[in-house]
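Since the structure comes first, as structure tokens, the remarks are kept for the end.
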Amino acid sequence: MTIPALGRTAKAMAGGSLIETVTDLSVQSLDRYDDIIDVRSPAEFAEDHVPGAINLPVLDDEERARVGTIYKQVSHFEARRVGAGLVAANIGRHLGAALSGKAADYNPLIYCWRGGMRSGAMATILSRVGWRCGLLKGGYRSWRRHVVAALREEGALLPMVLIDGQTGTAKTEIIRRLMAQGAPAIDLEGLAAHRGSVFGRMGAAQPAQKGFESRLWDQIRRFDPDTPIIAEAESSTIGRLHIPRRLWDSMQAAPRIEITAGVETRARYLVTAYSDLTEDKEAILTAINRLRSHHSKAQIAAWGEMAESCAYEALAADLARQHYDPAYLRSRKTGDEIKQIALPDTSPEALDKAARQVMEIAGG
């Protein structure tokens, strides 16, 4: 796939200006700045932003709505006048707080939604201080187009190896151990803040789809393009988030390494891995009720009784046998190049060994 050319960062600043126009969104280009400053409102920032950016809004959510109302109901001039006053006051506040103590050679990259008035105002004032500033051409919209081109549009498949296996085989934990060892692995469930099942919530709310994709692409683009990316086999959705098209197509074509373990071993692991849920009985009962369309009333009632009596290991084992294992067998792809790694237990030593085996197979 060809990502649309976004140009290169200006090597020199025209006419001695301390503001340069930036069009290069590569890791190397962005990493050369001391900070990436997103001057959009907190709500815009929360939905998505350039990875690593800090939010120094020149208009907060309420102020932005107020200026927009004046623009529509009064006049463009009045909106600009009111907006300019608010922007100046907010930039002054940032200079006395987040930007206080910055050295004379401080070099930030600044952007707003489309590279217009908000980022221009911040860059102008910071350049008057004496700081050299980068101004992202096209603002956040340039970054979003970059991510869409990389992950959503059809193109060459990414080299990948998937870790597969039944529920409770510690696949996510193995992925995290691979990441800790510097392997090119991505924790899709961690990025999505969801475990990918009816028991999948992780406490924090899931990010917006755009934010998920930005974080995902920022990790992928830092890997060696010729080295297989290791990820957990997932369905096309994780909670309410969708795996973007190019990554999903790559996952569908990828060979798989299957992790195996006995049901008792898996049940013990699940009770530990889902300890946040075992401390919230109502959340478990709510999740069990979501399975009503798949199982008999008697089965749902039996699982409810196990939860009420805190028999969590027995509940995990029965859910695996009656629900998750059959679902895994139904959805398991055939025809893949599959190798198996057997877990004798889920001790740290066993998981470290499994991670090393995955690296050997993926690299072989």
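Since every read-out is calculated from the coordinates, none of them should be taken as a lab result. Computed from a predicted model, the values in this text were never measured in an experiment. Quick reminder, even Gly has a Cβ in these numbers, built from the backbone with ideal geometry, and neighbours come from all protein chains shown.
When you work out D = kT/(6 pi eta Rh) for segment 51-119 at 20 °C and 1.002 mPa s, using the Kirkwood radius from C-alpha pairs as Rh and the Stokes-Einstein form, the result is 160 µm²/s.
Give, as a single signed number, the net charge of other residues whose beta carbon lies under 15 Å from the beta carbon of ALA185, with Lys and Arg counted +1 and Asp and Glu -1. Here the count lands on -2.
Close amide-amide hydrogen proximity is noted between ILE341 and GLU258, ILE259, THR260, each under 5 Å apart and 5 or more residues distant or on a separate chain (H modeled in the peptide plane; Pro and chain starts excluded).
Using only helices, what value at 222 nm comes out for the chain when you add -39,500 (n - 2.57) per DSSP H run of length 4 or more and divide by the total residues, to the nearest 500 deg cm²/dmol?
Details: 17 runs with 174 residues, N = 364.
My calculation for the chain gives -14000 deg cm²/dmol from helical runs alone.
Length available on full extension from ILE338 to LYS102: 0.36 nm per residue minus the Cα-Cα distance, which gives 79.6 nm.
Within the listed set ALA149, ALA98, ALA53, the residue fluctuating most in the Gaussian network model of the chain (springs between alpha-carbon atoms under 10 angstrom) is ALA98.
Of all the options MET122, MET251, MET179, the one that moves most in a Gaussian network model of the chain with Cα springs shorter than 10 angstrom is MET179. Distance between the 7 Å Cα→Cβ label points at SER275 and ARG93: 4.0 nm.
Using only alpha carbons, build the gyration tensor for segment 237-327 and give me the equivalent ellipsoid semi-axes, biggest first, whole Å. List each step's numbers first, then the result.
On the way: eigenvalues 150, 55, 38 Å².
Square roots of five times the eigenvalues give 27, 17, 14 Å.
Each of SER347, ALA170, TYR312 was scored by the projection of its Cα onto the charge dipole of the chain, and the greatest displacement toward the positive side belongs to ALA170; charges sit on the C-beta of Lys, Arg, Asp and Glu. Residue pairs exceeding 27 angstrom between C-alpha atoms, taken from LYS210/LYS281; LYS137/LYS210; LYS210/LYS339; LYS171/LYS210: LYS210/LYS281; LYS210/LYS339. Note on segment 167-305: with charges restricted to the Cβ of Lys and Arg (+1) and Asp and Glu (-1), its dipole about the Cα centre is near 300 debye.
Test of understanding: express the Cα radius of gyration of segment 14-149 as a ratio to 2.2 N^0.38 Å, with N the residue count.
Values: Rg = 14.8 Å, N = 136, 2.2 N^0.38 = 14.2 Å.
Compactness ratio reported: 1.04.
Phi angles of segment 305-319 translate, via the Karplus equation with coefficients 6.51, -1.76, 1.60 and θ = phi - 60°, into HN-Hα couplings of 5, 4, 5, 4, 8, 6, 7, 5, 5, 5, 4, 4, 5, 6, 4 Hz per residue; Gly and Pro are given as x.
Set against the 2.2 N^0.38 Å expectation for a compact globular protein, the chain has a Cα radius of gyration ratio of 1.21. Here the Karplus relation 6.51 cos²θ - 1.76 cosθ + 1.60, evaluated at θ = phi - 60°, turns the backbone of segment 270-284 into coupling constants of 4, 4, 6, 5, 9, 4, 5, 7, 5, 8, 9, 4, 5, 5, 5 Hz, with x for every Gly and Pro. Taking amide H positions as modeled 1.01 Å from N, with prolines and chain starts lacking one, the residues under 5 Å from THR21 and 5 or more places away or on another chain are ALA10, LEU135. Residue-wise HN-Hα couplings along segment 134-139, as the Karplus relation 6.51 cos²θ - 1.76 cosθ + 1.60 with θ = phi - 60° gives them from phi, are x, 10, 6, 5, x, x Hz; Gly and Pro carry x. In this structure the amide hydrogen of ASP35, modeled in the peptide plane, comes within under 5 Å of the amide hydrogens of ASN107, LEU109, none closer than 5 places in sequence on its chain. Could you give the Stokes-Einstein D for segment 87-239 in µm² per second, using the C-alpha Kirkwood radius, 10 °C, 1.306 mPa s? My calculation gives 85 µm²/s for D.
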